[in-house]
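Let me begin by presenting the structure, written as structure tokens, before commenting on it.
We did not get these values from a lab; they are worked out from the coordinates using the rules stated. Computed from a predicted structure; not experimentally measured. Here the Cβ positions follow ideal geometry from the backbone for every residue, glycine too, while neighbour counts run over all protein chains shown.
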């Protein structure tokens with residue numbers, strides 16, 4: 001059933017292997033710059049946040065942000081490029097695989113990109129900063145990172161499917177994706193929000209992801225409801241991504 | 001590669017019992033626009049079939065339905081007896097498609113492009129390896145198999161697309177404008193290869209180059225406004241034109257004007273055109289030629305030649321001269 005997905009995913013990994021160095025340099029540069037500029041530069045002005053130095057507060061969020069951003073970007077641009085520029089999706093569709101197999105492959109590719117890049121940024125932060133966490137916290141953290149990457153990969157597939165112009169993809173990223181990430185407690189604690197807004201912010205799957213992932217990694221604390229919210233969001237966007245892609249292809 | 005035995009198609013009665021592609025009342029509408037209108041077609045197994053039509057005639061819509069990329073609004077389309085509406089996967093197993101767009105993967109080498117296609121067709125490595133070797137050699141690309149398609153000329157890229165469509169040994173090959181944008185040498189190389197495939201598989205070709213259709217195709221269909229308007233061999237289509245015959249008469253020295261006026265006054269001459277010493281006359285029928293020869297007795301005629309009707313004449317007479325958007 002998923003033979004086609006596997007073939008396309010293997011193709012994507014083959015391409016990633018070829019450009020892994022340049023990809024990782026680009027991926028590491030962004031969160032590292034943020035870490036150095038905000039975490040180190042602003043640390044003395046901000047002091048402790050939730051009882052931790054500011055650089056320690058933002059480190060888990062930067063790893064998570066790298067993973068989900070990579071998942072989203074890979075899915076959205078890959079799907080758009082293969083559909084609108086290279087027409088490879090068309091060439092896949094005249095082989096005996098289903099449309100669902102194509103979209104599932106693209107979701108898994110985005111997801112894999114997210115995990116690999118998140119892992120590498122984690123290693124770099126671990127290597128050059130004093131940020132440390134007990135290894136046993138990693139499993140709980142992955143319970144957030146894996147569905148979180150899947151959620152963003154599916155969201156990327158939806159954007160890459162419905163948007164035909166590259167500038168629209170850029171606008172959606174600027175207006176929707178980045179605010180969702182930045183406003184979900186990545187750079188500041190949720191307690192900074194006015195009380196009337198907090199409940200709305202907490203309802204966002206990105207808040208559940210970033211808040212839950214941080215607590216899991218730093219304190220080993222598991223928030224089951226947050227993990228469930230992220231997983232359900234991933235499942236719903238997966239179903240939506242497959243449906244929307246199938247619908248678009250049938251037009 | 002193991003291919004299943006030919007399917008026994010479900011045509012109950014047909015004037016073409018070995019038809020590989022059949023459409024019956026095939027219709028595709030987009031809102032109020034009918035792109036394909038009750039289209040009936042039968043393409044014989046093993047033949048090279050050409051589909052001609054001006055831009056917007058419905059060629060791409062038809063090929064997209066036949067290759068299962070699009071669903072029809074009404075009617076049916078059968079490929080090797082399989083219905084495009086509910087046997088898409090089985091159909092895609094036995095067709096090869098060379099689309100208008102260059103859909104090669106520029107991040108994979110030539111060989112990797114073919115390997116990916118083989119894997120999508122579920123071929124085993126030991127089977128596709130030798131098949132790909134053969135195809136690369138056949139297409140003259142074996143020396144460039146590790147290069148990326150972006151570094152190829154247009155002709156080489158096209159040959160690679162054709163090779164990709166043949167990896168799984170399809171029974172029906174769809175070529176959608178396969179030589180558009182190629183130089184004459186590359187075009188002829190593709191023609192030669194297509195010709196070499198004749199008989200081993202059914203080839204369904206759309207093209208804007210009428211010479212291409214004339215050179216390659218056993219039968220040609222002309223469509224316009226979503227409808228089939230003519231079908232037959234090149235000669236049969238030419239024979240459909242009116243019985244009018246066109247001759248070119250070349251005069252030596254002065255006198256072409258005087259004789260052109262004389263010929264223009266003759267009742268059997270339908271049309272006359274003159275460019276310097278050359279006069280082109282359209283006669284009602286070829287029997288009128290003797291009257292013309294008599295009228296030209298003593299004239300300084302250098303040459304009288306029959307102008308063959310071309311497929312382009314047929315195409316223009318059926319679809320009109322107006323440029324389509």
Could you work out how far apart the two model spin labels at residue B:134 and residue B:73 are, taking each label as a point 7 Å from the Cα in the direction of the beta carbon, and quote it in nm? 4.4 nm
For the stretch B:19-239, what is the percent of antiparallel DSSP beta bridges, rounded to the nearest 5? 55 percent
Could you work out the per residue convex hull volume over the alpha carbons of the stretch A:119-194, in cubic angstrom? 143 Å³
How much FRET efficiency would the formula 1/(1 + (r/R0)^6) give for residue A:17 and residue B:307, where r is the Cβ-Cβ distance and R0 is 51 Å, rounded to 0.05? 0.25
Which of A:12, A:164, A:50 moves the most in a Gaussian network model of chain A with Cα springs under 10 Å? A:50
Which of B:80, B:177, B:112 ends up with the largest GNM mean-square fluctuation for chain B, with Cα atoms connected below 10 Å? B:112
Can you work out the FRET efficiency for the pair residue A:200 and residue A:162, with r the C-beta to C-beta distance and R0 = 22 Å, to the nearest 0.05? 0.30
With r defined as the distance between the Cβ atoms of residue B:101 and residue B:250 and R0 fixed at 35 Å, what FRET efficiency is calculated, to the nearest 0.05? 0.15
Order of B:194-203, B:50-59 by packing, highest average Cβ count within 10 Å first? B:50-59, B:194-203
By average C-beta atoms within 10 angstrom, highest first, the peptides A:153-163, B:284-294, B:126-136: A:153-163, B:126-136, B:284-294
How big is the convex hull of the Cα atoms of the stretch B:226-325, per residue, in Å³? 117 Å³
Rounded to a whole number, what is D in µm²/s for the stretch B:60-182 from Stokes-Einstein with the Kirkwood radius over alpha-carbon pairs (10 °C, 1.306 mPa s)? 105 µm²/s
The stretch A:1-126: projected area of the alpha-carbon convex hull, averaged over directions, in nm²: 9.1 nm²
If you take the C-alpha gyration tensor of chain B, multiply each eigenvalue by 5 and take the square root, what semi-axes do you get, largest first, in whole Å? 46, 25, 16
Out of A:136, A:101, A:74, any idea which swings most in a Gaussian network model of chain A, alpha carbons joined below 10 Å? A:136
Percentage of Cα-Cα pair distances in chain A greater than 25 Å, rounded to whole percent? 43 percent
On alpha-carbon atoms, Rg over Rh for the protein assembly as shown using Kirkwood Rh? 1.15
Relative contact order (percent, whole number), the stretch B:79-208, Cα cutoff 8 Å, 6+ residue spacing: 32 percent
Indicate the gyration tensor shape class of the stretch A:175-238 (rounded, prolate or oblate), computed on the Cα atoms with a ≥ b ≥ c the square roots of the eigenvalues: a/c under 1.5 is rounded; otherwise a/b larger than b/c is prolate and the rest oblate. oblate
Give me a single rounded figure for B:110-118: the average over its residues of other chain Cβ atoms within 10 Å of their Cβ. 3
Kirkwood Rh and Cα-based Rg: tell me the resulting Rg over Rh for the stretch B:126-250, rounded to two decimals. 1.07
Cα→Cβ-extended label distance, 7 Å offset, between residue B:218 and residue B:273, nm: 3.6 nm
